[in-house]
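Before any comments, here is the structure.
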Amino acid sequence: MAGSVSLTDLTWTHALFAAVLGVEGLQRLVELWVSRQRQVQRGKDGVAPVPETAWGFMILVHVLLFVLPPLEVLLLKRPFLWAVGGPALVLYALAKVLRWWALSTLGRSWNARIVKPNTVVAEGPYRFIRHPNYLVVITELAVIPLVHTAWLSAVVLSVVNGLVLFARIRKEEETLFSIPGYREVMGGKARFVPGLF
């Protein structure tokens, strides 16, 4: 049957791709758990997540990351090409480093939801840009599918993520710019690329 896949069709590159998706999925689950614990703690202080319509769409985009690329790879028999997969893996690794740097800099202020922080953080990657963690997400959704040449998924996920982040960041910045000192410290910085507004 056209488009069907048997176990004999699977290669080490499929295992590599599955491993990348597995690491990414585990990370997402841990982040959601940590985020929820912090929401509970802030709730005790009377601080609740800011209501937003983008949250449900963000969840959907991140779930699609684990659905669309594997389907494209298997059903459309996308090959692993070192010229594409190699750079994608390098960018993925760099994104992981930036994520660690951003989250460790924020410490307990980080949350997956929009929760008004107690302080303005302008250290680490926040010395250069306002949203390094969103830069990581943009990179991941673009390059993870490309590890196994799932270019169609990369395009779809990037476009949909762009629309979702447009709404999410506007809402988040409403909250951040209401914090005393945030505008003075962070207002002159670009969102994603230093020097680019």
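The values are calculated or read from the model by the stated rules, or taken from the named source; none is laboratory data. Just so we're clear, the structure is a prediction, and the values are computed from it rather than from any experiment. Glycine also receives a Cβ, built like all others from the backbone with ideal geometry; neighbour counts cover every protein chain displayed.
Some observations on this one:
- Looking across region 119-136, just one residue is crowded, with 19+ Cβ neighbours inside 10 Å and either of a type in the set (Lys, Arg) or in contact with a His (Cβ under 9 Å, 6 or more places away or on another chain) (or both), and that is Arg130.
- Residue in region 53-60 that is surrounded by 14 or more Cβ atoms within 10 Å (Cβ to Cβ), not in a helix (DSSP H, G or I) and not β-branched (Val, Ile, Thr) present: no
- Tally of residues being closer than 18 Å to Ala112 by Cβ and of a type in the set (A, V, I, L, M) across region 161-197: 5
- Residue match in region 80-89 (condition: at pLDDT below 95, over 24 Å from Leu196 (Cα atoms) and among the small types (Gly, Ala, Ser)): no
- Subset tally (residues that are on the phi > 0 side of the Ramachandran plot and part of a helix (DSSP H, G or I)) for region 127-181: 0
- Asn111 meets each of the listed conditions (1) touching a Leu at 6+ places or on another chain (Cβ under 9 Å); (2) surrounded by 15 or more Cβ atoms within 10 Å (Cβ to Cβ); (3) of a type outside the set (Lys, Arg) apart from (1).
- Annotation note: Cβ proximity below 7 Å between a residue of region 125-144 that is within 21 Å of Ala167 (Cα to Cα) and among the aliphatic types (A, V, I, L, M) and a residue that is at pLDDT below 95 and assigned to a helix (DSSP H, G or I) (sequence gap 6+ or interchain) occurs for no pair.
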